[in-house]
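A short worksheet on the structure shown next.
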Amino acid sequence: MSGFDPGWLALREPADHAARAPSLFAETVAAAGDRPTVVDLGCGTGSNLRALAPRLPPAQRWRLVDHDPALLALAAAGAPEGTERIAADLRDIDALPLDGATLVTAAALFDLVSAAWFDRFAKRLAAARLPLYAVLTYDGNTTWTPAHPLDPVMIRALNDHQRTDKGFGPALGPDATVHMRQSLESYGCEVRTADSPWTLTGADAALVMATSAGYARSAVELGAVSVAEAEAWLAFRRATAVSGEMLVGHTDLLVFPGHCC
Ligand SMILES: C[S@@+](CC[C@H](N)C(=O)[O-])C[C@H]1O[C@@H](n2cnc3c(N)ncnc32)[C@H](O)[C@@H]1O
């Protein structure tokens, strides 16, 4: 798949950090242990580390895993001493560097993967009896205020686009959390979830516009709207970005190892 733009990741980072469900965040910190070794899958520029590290005990170690060397290089900045950066393809589940880990985590990753990939990953996770903290998995729900007649078309197109192959086979997209829960429970894991929506207001107008443009691109690409319709819809979104609001649904998930088979 094409790479993730570091500018886009930087733009979304404050909203991602604000959106995390506080209850699961606190339980994750407790589950990580006194000397956590955290493996962050699909780390990008290290946003997940920047959210979690300040909450973990000082004797923490990190393994940041991504296939994009440019993003990994950016992830080094500000990371705790001893942080390992591992260039690896997550598709090779057997090679994931989980040995000695006390916590596996990922942010905005699992809506990109396929059901078949996740089932194999769940099996490895359950066998290793590791906790998993997966945050900001898109759930398919978006609302803009004020509404526009084309909003439902845009959301449907984005959700359809989310299900296309992102390198792992047909992506779970908005169905990710439902599938993850079923898969992990089939291995005897106890799974908790909590909503972690972006609630974007006028202060987030740049993120609202960048995100909305992604919906419009998907709709044009899939033939759901014409270029002119997409441009008119985006002009409406631009005119209302500061006074309006955008909600993007996500789910956080925490899997407890003590209950895994
Ligand atoms: C949506 S970004 C999330 C980045 C980061 N976790 C964050 O929250 O900002 C998904 C990340 O997964 C990585 N990724 C996608 N497919 C991958 C693969 N097959 N192997 C390793 N990393 C992959 C991308 O390079 C990107 O950094």
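The values are calculated or read from the model by the stated rules, or taken from the named source; none is laboratory data. Everything numeric in this text was worked out from a predicted model, so none of it was measured. No Cβ is skipped: glycine too gets one built from the backbone with ideal geometry, and neighbour counts run over all protein chains shown.
Cβ-Cβ distances below 8 Å connect the following pairs, each with a first residue in region 1-25 that is free of Cβ contacts under 8 Å to residues at least 40 places away in the same chain, a second residue that is buried (at least 16 other Cβ atoms within 10 Å of the Cβ) and basic (Lys, Arg), and a separation of six or more residues or different chains: Glu13/Arg50; His17/Arg50. Being buried (at least 19 other Cβ atoms within 10 Å of the Cβ) and either over 19 Å from the mean Cα position of the chain (by Cα) or under 23 Å from Leu11 (Cα atoms) (or both) holds for only one residue in Leu150, Leu172, Leu184, and it is Leu150.
Free of Cβ contacts under 8 Å to residues at least 12 places away in the same chain and either within 25 Å of Glu190 (Cα to Cα) or among the aromatic types (Phe, Trp, Tyr) (or both) - does that describe any residue in region 62-72? So far as region 62-72 goes, no, none of its residues is free of Cβ contacts under 8 Å to residues at least 12 places away in the same chain and either within 25 Å of Glu190 (Cα to Cα) or among the aromatic types (Phe, Trp, Tyr) (or both). If you check Pro6 against the conditions, is it more than 8 Å from the ligand (Cβ to nearest atom), over 27 Å from Asp204 (Cα atoms) and modelled with pLDDT of 95 or more? It is false that Pro6 is more than 8 Å from the ligand (Cβ to nearest atom), over 27 Å from Asp204 (Cα atoms) and modelled with pLDDT of 95 or more.
How about region 55-110: which of its residues are among the charged types (D, E, K, R) and within 18 Å of Gly33 (Cα to Cα)? Arg55, Arg61, Arg63, Asp99, listed by residue number. Among residues of region 92-114 that are under 29 Å from Ala18 (Cβ atoms), those with a beta-carbon under 8 Å from a residue that is assigned to a loop (DSSP other than H, G, I, E, B) and among the aromatic types (Phe, Trp, Tyr) at least six positions away or on a different chain give the pairs Leu112/Phe168; Val113/Phe168. For Ala205, state whether it is away from the ligand (no atom under 16 Å from the Cβ), of a type in the set (Gly, Ala, Ser), modelled with pLDDT of 95 or more and surrounded by 15 or more Cβ atoms within 10 Å (Cβ to Cβ). Yes: the conditions hold for Ala205. Listed by position, the strands (runs of 3 or more DSSP E) inside region 148-261 whose residues that are closer than 30 Å to Arg129 by Cβ number at least 1 are 190-195, 245-256.
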